[in-house]
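The values are calculated or read from the model by the stated rules, or taken from the named source; none is laboratory data. This is a predicted model, so every value here is computed, not measured. FYI the Cβ positions are ideal-geometry reconstructions off the backbone, even for glycines, and counts take in every protein chain you see. Note: accessible area is taken over every heavy atom of the protein model, side chains too, but ligands, DNA and RNA are not part of it. Shrake-Rupley method; radii C 1.70, N 1.55, O 1.52, S 1.80 Å.
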Amino acid sequence: MINSLFEEKLSSGEFVVTTEVGPAKGADTADLVHHIDLLKDRVDAINVTDHQSSVMRFPSLGGCLLVKEHGGEPILQMTCRDRNRLALQADLLLAYSRGITNVLCLTGDSIDVGDHKEAKPVFDLDSVQLLKMIRTLESGTDIEGNELKGVPRFYIGASVHPEADFVEPQLIKFEKKVSAGAQFFQTQGIFDLASLRRFMQYAAQFNVKILAGIIVLASARMARYMNDNVPGIIVSQAIIDELADVEKGKGLQKGIEIAARLIKTIKDENLCHGVHIMAVGNEGVVPDILEAAELVSVSP
Amino acid sequence: MIVAEQKPFEEIKQMISPYGRVLILGCGTCMTVCDAGGEREVSFLHSALRLAQTKSGNGTHSFSEYTLKRQCDPEFLDLLVDKIADVDVVLSLGCGIGVQAIAERFPDLPVLPGVNTSFMGMTKESGVWDERCAACGDCRLDETAGICPITRCTKGILNGPCAGTKNGKCEANKDMDCAWILIYQRLETLHQLERMRRYYPPRNFRTIPRPKRILRQASINAGGSDD
Ligand code: SF4
Ligand code: SF4
């Protein structure tokens, strides 16, 4: 059974493009809506981040409702950092009731990297357990085995880190996510295609769809900052050098070029099932990247 | 053992301010080992409080000191009966359990916490104490090569590392080892990596209703006498 447009697209064998939008801190949704309108017909689905980097913002679920209202295909990012198993299940029921059926299951960043460092870290579940819990809901009961009135169906995914410096424990976890029910993966940012090739050779044995994560960098400084401060990001030295070589003010242009080049190679080599573009604050340039990668306007 | 840190001096002065006769009470067990409230710290704190009072010139406190072998044990608390006859307050340098044991044993006697009880852990090296157990009530160290994921992973997750680990360190703190990389490496050394491939279900937080109580069960530890 197909549970979402996004799933249908991936199943069709087409090269799929997703991107993400980060809601603002505050009740003003104007920028968010602007980005949704800009992107909804250019990509196959839009992730809405869930208090990314543990910084409190407008919620993912709220952002997904807006994507829906504006005619886009949302992917709900759901982390275990802030909600226990009751709240997670309740949010999933709400999401399903509003037609939000793609869910990316994440453990969530540590509270310590964010702006509410004294908050209680919840982590009642981890990403693997969250995936399994969703499969349980779909079987008709809550996680305690109590019967549900109205059973939700989802298309569920998770993340994987092919460029991690200790990659084997990440792959062990990847396999646990597959066994727990993950159907699609959006990888952490890829900068070195050799490691993506290695990963895809290994991952071919699993019946899951994989979208390579592409981070849009705006300067060498940003790349170094991310290496030092953002969990799960390892920008290769080659890319940092490339960004450092351009004249002042042209960094983002270079970042777009790098992202487009990666995407084009991935598509031309048929390396994976699609890409997931993370523009971290520069959502407005995603159309330029698509154009530069010769992927203009994926038909809605 | 239980690890604590002595409270800031100013906070201690503030706490005792309403009281005249103060007994500074040390603990000879955990608080001695973690340098927070043993005989030595009691005597240092005693001198410091006296000195501060002399300097300020308007103090009204009188101080005495004593250190029990353990404050958390009713047996040792009996020894306090004489010591508290003429004090107005006990400033306990025992852990939070010691403070409460005194409060329960002496209903009319105010007792103040002189330390911040922090965690259960061990002495890593001289002057360094590290947390090692969160008393989760369902020990899984057999599955994790003797390294506790609940305490040593910032997120306390059970199914392997998050994506934030870098250079073997935790995303929350570059000086802290990632528990799951340590577990992975030690499981590999022990040829037990298959334990990491298992799915671990969500923790049962019900194994720890608060406050917990344990009743001794006859014969459990009697070495084969149970039937
Ligand atoms: S698993 Fe960790 S927290 Fe739980 S009892 Fe064992 S050492 Fe303590
Ligand atoms: S980096 Fe390691 S220790 Fe830190 S939260 Fe992730 S898995 Fe836990």
Tell me the angle of helix A:85-97 to the major Cα principal axis of chain A, expressed in degrees between 0 and 90 and rounded to the nearest ten. 80 degrees
Can you return the aspartates and glutamates within cross-link range of B:Lys55? Criterion is Cα-Cα under 19 Å, with same-chain partners fewer than 8 residues away left out. B:Glu10, B:Glu11
Given charges at beta-carbon only (K, R positive; D, E negative), |dipole| of chain A in Debye: 400 debye
Here the averaged projected area of the protein assembly as shown, based on the convex hull of its alpha-carbon atoms and given in nm², is 32.8 nm²
Which number comes out as Rg/Rh for chain A once both Rg and the Kirkwood Rh are worked out on C-alpha atoms? 0.94
Taking chain A as a Gaussian network, Cα atoms linked when under 10 Å apart, which of A:Lys254, A:Lys149, A:Lys68 shows the biggest mean-square fluctuation? A:Lys149
What average number of partner chain Cβ atoms lie no more than 10 Å from the Cβ of the residues making up B:145-154? 1
With a 1.4 Å probe and every protein chain kept in, tell me what percent of the accessible surface of region B:58-177 is carbon plus sulfur. 49 percent
Of A:Lys248/B:Lys166; A:Lys149/A:Lys176; A:Lys68/A:Lys250; A:Lys120/B:Lys212, pairs whose Cα-Cα distance is over 25 Å: A:Lys248/B:Lys166; A:Lys149/A:Lys176; A:Lys68/A:Lys250
Loop chymotrypsin sites (Phe, Trp or Tyr not before Pro), region A:200-276, which have at most 15 other Cβ atoms in a 10 Å radius of their Cβ (DSSP): A:Phe206
Which whole-number percent gives the relative contact order of region A:8-160, counting Cα pairs below 8 Å spaced six or more residues apart? 19 percent
Using the scaling law 2.2 N^0.38 Å as the reference, what is the normalised Cα Rg of region B:92-208? 1.35
What are the trypsin sites (Lys or Arg not before Pro) within region B:1-82 that DSSP puts in a loop, where the Cβ has at most 15 other Cβ atoms within 10 Å? B:Lys69
What translational diffusion coefficient, in µm²/s and rounded to a whole number, does the Stokes-Einstein relation yield for region B:135-203 at 37 °C and a viscosity of 0.692 mPa s, taking the hydrodynamic radius as the Kirkwood radius over Cα pairs? 270 µm²/s
Using alpha-carbon coordinates alone, the radius of gyration and Dmax of region B:2-119 in Å work out to 13.1, 40
How would you rank A:6-16, A:160-170, B:124-134, highest first, on the average number of other Cβ atoms within 10 Å across their residues? A:160-170, A:6-16, B:124-134
Helix-only mean residue ellipticity at 222 nm for chain B, each DSSP H run of n ≥ 4 adding -39500 (n - 2.57), per residue, nearest 500: -7500 deg cm²/dmol
Per residue of A:185-196, other chain Cβ atoms within 10 Å number on average 0
Mind ordering A:256-265, A:30-39 by average Cβ neighbours within 10 Å, highest first? A:256-265, A:30-39
Return the carbon/sulfur percentage of the accessible area of region A:5-298, one whole number, probe 1.4 Å, all protein chains in place. 49 percent
Over chain A, what is the mean sequence separation of C-alpha contacts under 8 Å (at least six apart), divided by residue count, expressed as relative contact order in percent? 19 percent
For A:164-174, what's the mean count of beta carbons from other chains sitting within 10 Å of each residue's beta carbon? 6
